[in-house]
1. Answer rounded, prolate or oblate for region 204-276, using the Cα gyration tensor with square roots of eigenvalues a ≥ b ≥ c: rounded when a/c is under 1.5, else prolate when a/b is larger than b/c, else oblate.
2. Give the relative contact order (percent, whole number) for region 3-171; include only Cα pairs under 8 Å separated by 6+ residues.
3. Starting from the Cα gyration tensor of the chain, take the square roots of the eigenvalues, sort them a ≥ b ≥ c, and report rounded, prolate or oblate (rounded when a/c is under 1.5, otherwise prolate if a/b is larger than b/c, else oblate).
4. Projected onto the charge dipole of the chain (+1 at Lys/Arg Cβ, -1 at Asp/Glu Cβ, origin at the Cα centre), which of VAL179, TYR29, VAL266 gives the Cα projection farthest towards the positive end?
5. Under 5 Å between amide H atoms, partner at least 5 residues away or on a different chain: which partners does LEU127 have, H built in plane at 1.01 Å?
6. Could you tell me which of rounded, prolate or oblate describes region 188-342, using a ≥ b ≥ c as the square roots of the eigenvalues of the alpha-carbon gyration tensor, with rounded for a/c under 1.5 and, failing that, prolate when a/b is larger than b/c and oblate otherwise?
7. Contact order normalised by length for the chain, with contacts defined as Cα pairs under 8 Å and 6 or more residues apart; what percent is it?
8. Sequence neighbours fewer than 8 away in the same chain don't count; with that in mind, list the lysines whose C-alpha is under 28 Å from LYS110.
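Each value in this text was obtained by applying a stated rule to the coordinates, not by laboratory testing. For clarity, every value in this text was computed on a predicted model and none was experimentally measured. Cβ placement follows ideal geometry from the backbone for every residue including glycine, while neighbour counts extend to all protein chains displayed.
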Amino acid sequence: MPFRDITGHEGPIALLKTALSHGRLAHAYLFHGEAHIGKSLIATRLAQALNCEQPFEADDQDSCGLCRSCLQIAARTHPDYVVIEPDRESATPQIKIEQVRDIDQHFIYKPLVGERKICLIDDADHLTIGAANALLKTLEEPPGHGLFILVSCRPHALPITIRSRCQLLRFTPPAQAQVEAELILKREIPPAEARFLALFTQGRIGEALTLDLATVRARQRECLDLVTPHALQSVTAILTSAESLAKADRGAETLSWLSRWIRDLVIVLVDGNHEHLLHLDQLDQLRHYARQADAAMLLDLLREIERTEQQATRHLNLHMALETILLRLRDALALAPTGVPA
């Protein structure tokens, strides 16, 4: 698939094409931006454009996507193209110094068939200190026939010495309409479901294309069950649900869903744009709650959830946090019975 078949990212692609057409590619790039929005895919397309066996069109620096070289790069079998990445199955994925040293051995020799030798380092922020130092030496004295493309969603986790030796190219999620159109075309799902996935993933098209829609909808229904008047009016039901979700290791996920639902409620309460509602099909319920909800309490609750999510890696008691959030939501929606125990 060439550049022209990629959804969004018109700006970065135009910059890369201009550099290709003028023969001014940098020796190293750092593609950075949110996860699952197409950074690695565009790195692959750049490698294909550099090594495509079909001549460029006069006004377009792109690959054919179909020649032997393009197919080999897509399959990671091209002799002048190497990809290193962390072990995805490891509990602590890392790119180790041995992997970087292998790159040095690979780049000693000139390209066998292509214009350049290309190294894609995916999730580059997972480089160990030793690996980062080894890579820095290579970037300080890059081979003239080499191109390094680092990809990261956490660029500030990379040493500044490495960032300073790369040309930074920032990627942002494609527009919602673009993601929706791509989902309708490639996943063959109804427009309403495409809209839901585009909003749920916040434009992360790679994630939107691969998520199991049925599972996501099931998780949404579980969250909606937590915020019915019947569920929130009963302290017993709240405590039982929080305990069950925490035991299933679903506390953090549930807090994320609650945050999305509360944001939707705030949008309705302030008469905001309904196009931003993830739970658009629950508009009647949201309007009902909006008539009695306390906006200030809801905003405080969103801030509390955000703080909780930021501390989730610090052995936070998510069971207790979920209980607290649900009880505070009950108060914000004025659902606590008055005068009698719940």
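1. Working: a/c = 2.46, a/b = 1.17, b/c = 2.10.
Since a/c reaches 1.5 but b/c is at least a/b, the shape of region 204-276 is classed as oblate.
2. Working: 269 pairs, mean separation 54.0, N = 169.
Over region 3-171, the number comes to 32 percent.
3. Values: a/c = 2.98, a/b = 2.01, b/c = 1.48.
Taking the square roots of the gyration eigenvalues as a ≥ b ≥ c, the chain is prolate.
4. Projecting each Cα onto the dipole axis, the largest value belongs to TYR29.
5. ILE95
6. Working: a/c = 1.75, a/b = 1.27, b/c = 1.38.
Because a/c hits 1.5 or more and a/b fails to exceed b/c, region 188-342 counts as oblate.
7. Values: 461 pairs, mean separation 55.9, N = 342.
That works out to 16 percent.
8. Straight-line reach from LYS110, under 28 Å: LYS17, LYS39, LYS96, LYS137.
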